[in-house]
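What follows is a set of notes on a single structure, which appears directly below.
Read-outs throughout are calculated quantities, based only on the coordinates presented, and are distinct from any laboratory measurement. Here the structure is a predicted model, which means the values were calculated and not measured. Please note: Cβ atoms are built from the backbone with ideal geometry, for glycine as well, and neighbour counts cover all protein chains shown.
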């Protein structure tokens with residue numbers, strides 16, 4: 001790993017963290033107990049994430065597999081959705097605190113991984129405060145919004161706000177997504193002043209903040225691809241360049257009509273059975289920074 005640091009959701013991606021689950025995991029009964037939609041075949045998920053990593057590497061993005069850094073416990077059932085476990089800043093990472101008890105062990109896992117990668121841990125969300133990484137989105141290099149009300153609570157937001165203030169970064173709470181697990185499921189920044197959004201899932205204060213900051217939006221229609229195939233669960237690898245799930249031709253056409261380049265499609269049909277997609281599985285460690293020089297590890 002050569003770099004860390006992020007202050008945008010769209011600038012050129014440099015390095016990512018992926019985590020393949022233990023193939024020896026066994027769901028303790030009903031899949032909903034571990035927050036899944038349906039039962040998972042962990043070997044298939046392992047292969048999907050390996051393929052995702054290969055795709056990133058072919059596009060000159062450094063990939064670190066967390067499972068190669070530190071063994072994955074067999075009861076970290078959602079660790080493949082690693083974006084939730086931390087929030088990266090220009091100066092280092094902030095470790096999340098998961099809402100559900102079934103995910104609490106992921107906190108200790110990601111802390112061990114970050115320490116072994118020598119990525120500074122600037123703080124941890126602790127106690128009754130909860131915050132998950134996919135609820136925090138960079139709008140500008142000195143401004144993040146936090147979706148409060150689902151997996152992230154106000155105490156978690158205040159904890160994050162205090163840590164970010166030390167870097168001169170403003171932190172604003174907004175209403176949680178109405179129809180998705182995290183804010184990222186309804187809002188994707190794809191360029192400096194342009195977002196994709198699922199308007200029916202967002203509360204009015206989110207739209208107001210976008211307008212106040214002169215950020216234009218493209219409203220994505222609710223469709224089978226979006227709702228069932230997770231076609232909105234994308235990764236922005238550079239301004240207006242994305243990767244998306246395989247098999248979503250309708251949404252691919254929509255994105256390209258809007259001037260967005262789809263540089264690749266990856267099969268994640270097994271992973272979405274656990275209620276997560278490409279965006280959830282990609283822990284972004286570094287992008288080209290807008291305000292700071294990227295820190296060397």
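Between residue 12 and residue 250, the C-beta separation translates, for a Förster distance of 22 Å, into a calculated FRET efficiency of about 0.20. With the simple spin-label model, which puts each label point 7 Å out from Cα in the Cβ direction, the residue 267 to residue 65 separation comes to 1.8 nm. For the pair segment 142-158 / segment 98-122, the C-alpha centres are spaced 18 Å from each other.
Explain nothing, just the number: relative contact order of the chain, from Cα pairs under 8 Å at least 6 residues apart, as a whole percent.
Relative CO of the chain lands at 27 percent.
Projected onto their three principal axes, the Cα atoms of segment 91-185 cover extents of 36, 34, 22 Å, largest first.
For segment 1-153, the Kirkwood hydrodynamic radius comes to 16.3 Å, computed from all pairs of different C-alpha atoms. Remark: spin-label model distance residue 205-residue 112 equals 3.8 nm, labels positioned 7 Å along the Cα→Cβ axis. Listing 282, 50 from fewest to most neighbouring C-beta atoms within 10 Å gives 50, 282.
Fully extending the segment from residue 128 to residue 214, taken as 0.36 nm per residue of separation minus the present Cα-Cα distance, adds 27.4 nm. Only one of the values [x] 38, 22, 18; [y] 24, 23, 20; [z] 42, 24, 18 was calculated from this structure for semi-axes √(5λ) of the Cα gyration tensor in Å; name its label. The calculated read-out lines up with [y]. Summarising the strand pairing of the chain, around 50 percent of its internal DSSP beta bridges are antiparallel.
Quote the FRET efficiency, to the nearest 0.05, computed for residue 24 versus residue 57 with a Förster distance R0 of 22 Å and r equal to the Cβ-Cβ distance.
My answer for the efficiency is 0.25.
Summed over qualifying helices (DSSP H, 4 residues or more, each -39500 (n - 2.57)) and divided by its residue number, the chain shows a 222 nm mean residue ellipticity of -6500 deg cm²/dmol.
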